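Each remark here refers to the structure printed beneath this line.
The values are calculated or read from the model by the stated rules, or taken from the named source; none is laboratory data. Quantities reported herein were computed from a predicted structural model and do not represent experimental measurements. Cβ placement follows ideal geometry from the backbone for every residue including glycine, while neighbour counts extend to all protein chains displayed.
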Amino acid sequence: SAAGAAAENETVAGVGFLGKSVSGVSPKDLKPLADAGKSSLGSGVVVFVGAGEDNKASVVVAVTDDLVGRFSAVDLVRVASAALGGQGGGGRPDMAQAGGPDASKASDAIAAVKAA
């Protein structure tokens with residue numbers, strides 16, 4: 001399944017990007033994953049979408065410190081949340097979290113952040 005796929009570091013519009021959908025991870029455990037993603041990426045934007053037991057989704061967006069002036073994790077997490085059927089979300093410019101009711105849209109949420 002796509003959820004089991006290894007995370008691939010990519011470059012989108014010259015910016016490092018890591019997007020991954022994970023299952024069986026609680027929302028509070030997504031932030032450490034995103035931190036680890038930031039470390040492995042060095043510079044870029046990290047998106048983790050977690051699917052819960054009830055098919056609800058939670059999403060964390062992290063932006064490395066060097067890019068916080070260009071991208072806000074809060075703005076990006078709202079884009080991801082909208083793709084998941086949710087709204088809002090919040091956090092800091094370098095790390096933000098949101099949720100949505102439809103975890104089946106995880107790849108759409110990642111694509112939406114890429115597009116943004």
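Descriptive notes on the structure:
- Test: residue in the range 68-90 that is touching a Pro at 6+ places or on another chain (Cβ under 9 Å) and in a strand (DSSP E or B): no
- Scan of the range 43-55 for residues that are modelled with pLDDT of 95 or more and either surrounded by fewer than 19 Cβ atoms within 10 Å (Cβ to Cβ) or part of a loop (DSSP other than H, G, I, E, B) (or both), ordered by number: Ser43, Gly44
- With respect to the stated conditions, Asp94 fails to be out of contact with any strand residue (DSSP E or B) (no Cβ under 9 Å at 6 or more places or on another chain), modelled with pLDDT of 95 or more and surrounded by fewer than 23 Cβ atoms within 10 Å (Cβ to Cβ).
- Residue within the range 23-42 that is touching an Asp or Glu at 6+ places or on another chain (Cβ under 8 Å), without any contact (Cβ under 8 Å) to a residue 40 or more places away in the chain, outside any loop (DSSP other than H, G, I, E, B) and surrounded by fewer than 23 Cβ atoms within 10 Å (Cβ to Cβ) present: no
- A search for C-beta distances below 6 Å between a residue of the range 65-76 that is over 16 Å from Ser39 (Cα atoms) and any residue that is in a helix (DSSP H, G or I), counting only pairs 6+ apart in sequence or on different chains, returns Leu76/Val113.
- Breaking point among (1) in contact (Cβ under 8 Å) with a residue 40 or more places away in the chain; (2) surrounded by fewer than 18 Cβ atoms within 10 Å (Cβ to Cβ); (3) touching a Pro at 6+ places or on another chain (Cβ under 6 Å), for Ser58: (2)
- All positions within the range 9-40 that are under 17 Å from Asp108 (Cβ atoms) and basic (Lys, Arg): Lys20
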